[in-house]
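Note sheet for the following structure.
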Amino acid sequence: MRARECRGLVERWRGEGSFELLLPEVAALQGIAQPEEYHAEGDAFTHTMLALEAVDDEADPRVFWAVLLHDIGKATTTAFIKGRWRAYGHAAAGAALVPAIMTRIGCPELGADVAWLVRQHTFHFSWQLREDSRLTKQQRHFMEQPLFPLLLETCAADAAGSSGNSAKGRSITLIAGIYAEEIAGEKWTLD
């Protein structure tokens, strides 16, 4: 199964009206505010659907499900703090829900991997790499995780679903290039 088939399932569920029953955690993102400066596209549900559109049809199904579920933790963690909408801990909160969701939709074998992708989808905010940066031992070890290439795809779709002043897309592009050169052994330059 590829992302194309997963997308067909979700479209069928939306058409039949069973989406909210099968994926109430995603439906709960409707109306969940986000900081406009980074998410001018609107609420967390709108962002999620735009990010999902950015997933390539040939992508691994774990990427598709991770993108669909990446922000589900925002439904319970979002609060207006110090003049801005924030969702501290949303990645961990969402990841905790993923195995049960994947079982509910008939893909329990993907649960652990999708949960890891959801939990890690904000990793890049703490890295603060530049083109000439050297990886720390911890960063290199993290990049060697077998799911890391899928995490990059998940993060790229997340960035594509964001309109606003976010540098997330550029950060992911930079990290993907460093990964290609340092871990995968491919030649890379930042466009």
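The values are calculated or read from the model by the stated rules, or taken from the named source; none is laboratory data. Worth saying up front: this structure is predicted, and the values here are computed from it rather than measured. In this analysis, Cβ positions are derived from the backbone assuming ideal geometry, glycine residues included, and neighbour counts consider all displayed protein chains.
Worth pointing out:
- Scanning segment 21-43 finds no residues that are surrounded by 24 or more Cβ atoms within 10 Å (Cβ to Cβ) and under 13 Å from the mean Cα position of the chain (by Cα).
- All positions within segment 34-65 that are in a helix (DSSP H, G or I) and either over 11 Å from Cys6 (Cα atoms) or among the β-branched types (Val, Ile, Thr) (or both): Ala44, Phe45, Thr46, His47, Thr48, Met49, Leu50, Ala51, Glu53, Val63
- Inspection of segment 86-94 identifies no residue that is buried (at least 18 other Cβ atoms within 10 Å of the Cβ), farther than 17 Å from Leu151 by Cα, touching a His at 6+ places or on another chain (Cβ under 7 Å) and modelled with pLDDT under 95.
- When Ala51, Ala33, Ala44, Ala92 are screened for being among the small types (Gly, Ala, Ser) and touching a Phe, Trp or Tyr at 6+ places or on another chain (Cβ under 9 Å), only Ala33 passes.
- Looking across segment 95-109 at every residue that is without any contact (Cβ under 8 Å) to a residue 60 or more places away in the chain and under 15 Å from the mean Cα position of the chain (by Cα), the one that is surrounded by the fewest Cβ atoms within 10 Å (Cβ to Cβ) is identified as Ala96.
- Residues (more than 15 Å from His70 (Cβ to Cβ) and in a helix (DSSP H, G or I)) located in segment 129-168: Lys137, Gln138, Gln139, Arg140, His141, Phe142, Met143, Phe148, Pro149
- Output for segment 1-33, where each listed residue is among the β-branched types (Val, Ile, Thr) and either closer than 30 Å to Gly83 by Cβ or not in a helix (DSSP H, G or I) (or both): Val26, Ile32
- Segment 9-47 - residue that is modelled with pLDDT under 95 and acidic (Asp, Glu) and, of those, nearest to Leu69 (Cα to Cα): Asp43
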